[in-house]
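Scroll down for the structure; my scribbles are underneath it.
Bear in mind that the values in this text are calculations on the coordinates, not laboratory data. Since we're looking at a predicted model, the values are computed, not measured. Cβ placement follows ideal geometry from the backbone for every residue including glycine, while neighbour counts extend to all protein chains displayed.
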Amino acid sequence: MTENPTPTEAPQALRVFVVDDHAMFRAGVRAELAGRVDVIGEASTVAEAVSRIGALEPDVVLLDVHMPDGGGRAVLEVVRRTHPHVRFLALSVSDAAEDVIGLIRAGARGYVTKTISSDELAAAIRRVADGDAVFSPRLAGFVLDAFASRSDTAVADPELDQLTNREREVLRLLARGYAYKEIAKELFISIKTVETHVSNVLRKLQMSNRYELSRWAADRRLV
């Protein structure tokens, strides 16, 4: 008598949590990852993220770098102390050196930009869950070079320290030649908000136009 084979259980989908302060972006991530992973929750603030990640214990957290109340690094540093098994993958518009290195040093397993395709993002999540380190292709070499050449001790720059993370993002894109409309689209903010950030940067750095800002940013290798 032939025994029936024991049915093989389907592998459980990876449990993913999304942290980003833009509701439309979170909805887009859910839609793009549908059927690939199980998005079990989302949060728009640091406090909400810390609380819900602790309660749900996802396999992988997709983490925005810049948020109004402290950003992804704040989430990562708190959660890792109590839930070290949760893995983090940064998903950001920023490809700035200080953002990438800061998140990786804080414990993120990877860093990809928001231009990534849905297939690539799903694959990156799987790799991070398996313990691999993942970077967007154009960041990988940069990260290696940065860790090889940069000191752990940052050089103080009082002028740069005046700027918020969002102001630095706007400044960097402005220096690259982006129009206000393009900056707004890239950062998922309004044109009016871009104008406000630029005005604040001009005031803090005591400059009068975007061309002076561009030269200032280039001198500090922020572009």
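Structure notes:
- Computed Kirkwood radius, in angstrom, where 1/r is averaged over Cα pairs of the range 160-220: 11.3
- The range 8-98, Cα convex hull volume normalised per residue, Å³: 109
- Taking the charge dipole of the range 15-147 about its Cα centre, with +1 at Lys and Arg Cβ atoms and -1 at Asp and Glu Cβ atoms, the residue from VAL134, GLY71, ALA31 reaching farthest to the positive side is VAL134.
- Between ASP130 and GLN162, residue separation times 0.36 nm minus the direct Cα-Cα distance comes to 7.6 nm.
- Calculated FRET efficiency for the pair GLU57/GLU120, C-beta based, R₀ 30 Å, to 0.05: 0.75
- Within the straight-line cut-off of under 25 Å between alpha carbons, the lysines reachable from LYS114 are LYS181, LYS185, LYS192, sequence neighbours fewer than 8 places apart in one chain being disregarded.
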